[in-house]
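Undergrad: Below are the structure tokens for one structure; questions will follow.
The values are calculated or read from the model by the stated rules, or taken from the named source; none is laboratory data. Keep in mind that what you see is a predicted model, and the values were worked out from it rather than measured. Note that each Cβ is placed from the backbone with ideal geometry, even for glycine, and that neighbours are counted across all protein chains shown.
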């Protein structure tokens, strides 16, 4: 009874920013649970490589180019997937960027707007497009990838743009959950710590040893997180195992916010 709640057999799931990193791990987890997964990314090369990896594992997966900063793209991708499969049951908004080490007093509008446009406005557009279809079908699960940075201010890097964007994702999640809960659409988020992804590989370089040490020393578990650890939380939130959860922001932070 209980293990079956984690299964996604017959479900159609869309994952943004799925070409690599956390997004690919999420797509892999959803596929392993039985979903037909539509991987999306703005980079066609990354998307093709990700699809080849999943195909080698026998996963039901396909791809769509999706630039979340394009105002029309979310509706286009939704319409394409619905035309092909009839509906979308799960949406995971993972696409995101960080532009750090810009002190607030010197941050340009361009740097501010770029991060907000991808991390917050892009999430809203996808929620709006895919959520409307879910509401029409009377059900669905949306999982947004927020960050512990929506709760705390990171050290030592200055990144008010990123922190504000992720706090916005968290409250967008709660707001949509409140609007859509009675109509069968659940909206939750996961808030990761520093994850050992391609984007964070720079901290393993010798000149960044002090930054990596500060990150780890600030984490009770004394390590970076793994991509599969975030994907596991997303799978839970996407599945019926989390059927009573909406508006939840699940911290997966190695205890970072405890200190």
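Undergrad: Taking the criterion of being surrounded by 12 or more Cβ atoms within 10 Å (Cβ to Cβ) and within 16 Å of residue 238 (Cβ to Cβ), would at least one residue in region 192-201 satisfy it?
TA: Checking region 192-201: at least one residue is surrounded by 12 or more Cβ atoms within 10 Å (Cβ to Cβ) and within 16 Å of residue 238 (Cβ to Cβ).
Undergrad: List the residue pairs whose Cβ atoms are under 8 Å apart, where the first residue sits in region 65-80 and is at negative phi, the second is crowded, with 23+ Cβ neighbours inside 10 Å and at pLDDT below 95, and the two are 6 or more positions apart or on different chains.
TA: From region 65-80, no pairs qualify.
One line per residue, one yes/no per condition, for (1) out of contact with any strand residue (DSSP E or B) (no Cβ under 9 Å at 6 or more places or on another chain); (2) crowded, with 20+ Cβ neighbours inside 10 Å:
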{"position": "64", "(1), (2)": "no, no"}
{"position": "79", "(1), (2)": "yes, no"}
{"position": "94", "(1), (2)": "no, yes"}
{"position": "99", "(1), (2)": "yes, no"}
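Undergrad: Can you confirm whether region 204-215 contains a residue that is outside any loop (DSSP other than H, G, I, E, B), within 19 Å of residue 28 (Cα to Cα) and without any contact (Cβ under 8 Å) to a residue 40 or more places away in the chain?
TA: Checked against the condition, which is being outside any loop (DSSP other than H, G, I, E, B), within 19 Å of residue 28 (Cα to Cα) and without any contact (Cβ under 8 Å) to a residue 40 or more places away in the chain, region 204-215 yields no hits at all.
Undergrad: Of the conditions (1) within 18 Å of the chain's Cα centre (by Cα); (2) assigned to a helix (DSSP H, G or I), residue 186 fails just one. Which one is it?
TA: (2)
Undergrad: Please identify the pairs in which a residue from region 11-23 that is on the phi > 0 side of the Ramachandran plot and surrounded by fewer than 24 Cβ atoms within 10 Å (Cβ to Cβ) has its Cβ atom under 9 Å from the Cβ atom of a residue that is outside any loop (DSSP other than H, G, I, E, B) and modelled with pLDDT of 95 or more, counting only partners at least 6 apart or on another chain.
TA: Once the first residue is on the phi > 0 side of the Ramachandran plot and surrounded by fewer than 24 Cβ atoms within 10 Å (Cβ to Cβ) and sits in region 11-23, its partners that are outside any loop (DSSP other than H, G, I, E, B) and modelled with pLDDT of 95 or more give 21/195; 21/227.
Undergrad: Could you tell me whether region 156-173 includes any residue that is more than 25 Å from residue 102 (Cα to Cα), surrounded by fewer than 16 Cβ atoms within 10 Å (Cβ to Cβ) and modelled with pLDDT of 95 or more?
TA: No, every residue in region 156-173 fails to be more than 25 Å from residue 102 (Cα to Cα), surrounded by fewer than 16 Cβ atoms within 10 Å (Cβ to Cβ) and modelled with pLDDT of 95 or more.
Undergrad: Look through 33, 29, 55 and report the one residue that is touching a helix residue (DSSP H, G or I) at 6+ places or on another chain (Cβ under 7 Å) and surrounded by fewer than 24 Cβ atoms within 10 Å (Cβ to Cβ).
TA: Values: 29 fails: surrounded by fewer than 24 Cβ atoms within 10 Å (Cβ to Cβ); 55 fails: touching a helix residue (DSSP H, G or I) at 6+ places or on another chain (Cβ under 7 Å).
Only one candidate passes the filter, namely 33.
Undergrad: Of the conditions (1) out of contact with any strand residue (DSSP E or B) (no Cβ under 9 Å at 6 or more places or on another chain); (2) within 29 Å of residue 72 (Cβ to Cβ); (3) modelled with pLDDT of 95 or more, residue 182 fails just one. Which one is it?
TA: Condition (2) is where residue 182 drops out.
Undergrad: Can you list the strands (runs of 3 or more DSSP E) lying wholly within region 1-72 that have 2 or more residues being over 17 Å from residue 143 (Cβ atoms)?
TA: Correct list: 61-65.
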